Amino acid sequence: YTSNQMSVRLYRLVENDKIQQVNEWYADNNIINDIAISSDGSILLLGYRSGQASIINTQTGRKNVFQPHRLDINAVALASDGSLAFTGSSDKTAVLWRTESGDKLRTFEHRTRVNHLDIDENGNLGFTIDSINDRAFWSFARKEAAEISELQTNLKFLEINHSAFSSDQQYFLTGSPKQKIMLWRVNDGELMAEWLAEKIGRASVLQVAFLTSARIAILTSDGYYQEFPIKPMS
């Protein structure tokens, strides 16, 4: 799926590695800042500069618009089944909410705008980072915001393009605009490993993924796919 700021398109991979456009949805007068899709492709989440968000059922075409924030939505994420949305905003909050009704479940306060966030596939854990140094893992199991840990780093500014939780929710992988990939432990925020993408041009890391418990993969801005082994971790 891709965005040209005012619309978003859904594609299907067909034979011989070709792609076929399935549908296109328009954001009316909104500007799309970020997008996410459920694992089965049925639910699409669009975050807008207006603080609104759209939930689109890609099977029926139904679109609902909610207002989880007062200011720009900078980052969005979905639980794998599409039932929960996690959105971060320039209003200094991250909000966990239901995609069916728009009902807010948790609000996480920050000192500055929330630039990036993520949610694990089961909707049990979250991560948020603001523009200064609030960089925390959260448990969604309690009625109120419960912090698990913060990233243990001396970096004054940490920018994240993309991230992923491991399938067992014990580790968290991040990719940055400066070639760097980092692996963190969720329960205490410790940095477990780091890699540098092979530099061919700018080499900004656009996407990261766990292939297995012992191997990760990344995509970079210059179009390269790279894999790295994870050494045994205690």
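The values are calculated or read from the model by the stated rules, or taken from the named source; none is laboratory data. What you see is a predicted model; the values in this text were computed from it and never measured. Positions of Cβ are generated from backbone atoms using ideal geometry, with glycine treated the same way; all protein chains shown enter the neighbour counts. Surface areas here come from the heavy atoms of the whole protein model, side chains and all, with no ligands, DNA or RNA. Shrake-Rupley method; radii C 1.70, N 1.55, O 1.52, S 1.80 Å.
Ordering LYS180, LYS104 from largest to smallest accessible area (1.4 angstrom probe), what's the sequence?
Reading off the accessible areas and sorting them downward yields LYS104, LYS180.
Show the residues, 5+ positions off or on another chain, whose built amide H is closer than 5 Å to the amide H of ALA209.
Those lying under 5 Å, H to H, from ALA209 are ALA217.
Carbon-plus-sulfur fraction of the accessible area of the chain, 1.4 Å probe, in percent?
Roughly 45 percent, rounded to a whole number.
With θ taken as phi - 60° and the coefficients 6.51, -1.76 and 1.60, list the Karplus ³J(HN,Hα) couplings across the stretch 113-127 in order, rounded to whole Hz; mark glycine and proline as x.
For the stretch 113-127, the Karplus-derived couplings read 4, 8, 9, 8, 7, 7, 9, 6, 4, 8, x, 9, 10, x, 9 Hz, x marking Gly and Pro.
Assuming R0 = 22 Å, can you tell me the calculated FRET efficiency for the pair ASN29 and ASN57, based on Cβ-Cβ distance, to the nearest 0.05?
That gives a FRET efficiency of 0.55.
Apply 1/(1 + (r/R0)^6) to the Cβ-Cβ distance of ASP81 and GLU159, taking R0 = 30 Å, and write down the FRET efficiency to the nearest 0.05.
Efficiency, rounded to the nearest 0.05: 0.55.
Can you grab the distance from the C-alpha centre of the stretch 73-87 to the C-alpha centre of the stretch 205-233, Å, no decimals?
23
Would you mind pulling out the separation of the Cα centroids of the stretch 131-188 and the stretch 89-117, in Å?
The stretch 131-188 and the stretch 89-117 have Cα centres separated by 16 Å.
I'd like to know which of VAL205, SER166, HIS116 lies farthest towards the positive end of the charge dipole of the stretch 103-234, counting +1 on Cβ of Lys and Arg and -1 on Cβ of Asp and Glu.
Most positive-ward Cα: VAL205.
How far apart, in nm, are two points set 7 Å out from the Cα along the Cα-to-Cβ line at ARG98 and at TYR11?
Each label point lies 7 Å from its Cα, and together they span 3.6 nm.
Convert each backbone phi in the stretch 52-67 into a coupling constant with the Karplus relation 6.51 cos²θ - 1.76 cosθ + 1.60 (shift: θ = phi - 60°), then list the ³J(HN,Hα) values in order as whole Hz, x for Gly and Pro.
Taking θ as phi minus 60°, the curve returns 8, 9, 10, 10, 10, 8, 6, 7, 9, x, 5, 10, 10, 10, 10, 10 Hz for the stretch 52-67.
Across the chain, how many lysine pairs, 8 or more positions apart or on different chains, have C-alpha atoms separated by under 30 Å? Please give the number.
So the count of such lysine pairs works out to 20.
Any chance you could list the semi-axes, whole Å, largest first, of the equivalent ellipsoid that the Cα gyration tensor gives for the stretch 106-146, using √(5λ)?
18, 12, 7
Given H placed 1.01 Å from N in the peptide plane, which residues other than close sequence neighbours of ASN74 have an amide H under 5 Å from its amide H?
Amide H to amide H, under 5 Å and 5 or more residues apart or across chains, ASN74 pairs with GLY88, SER89, SER90.
Accessible area per residue for the chain in Å², computed with a 1.4 Å probe and the full protein assembly in place, what is it?
Heavy-atom SASA per residue in the chain reads 52 Å².
If amide hydrogens are placed 1.01 Å from N in the peptide plane, which non-local residues have theirs closer than 5 Å to the one on ALA203?
Counting only residues 5 or more places away or on other chains, the set is SER221, ASP222.
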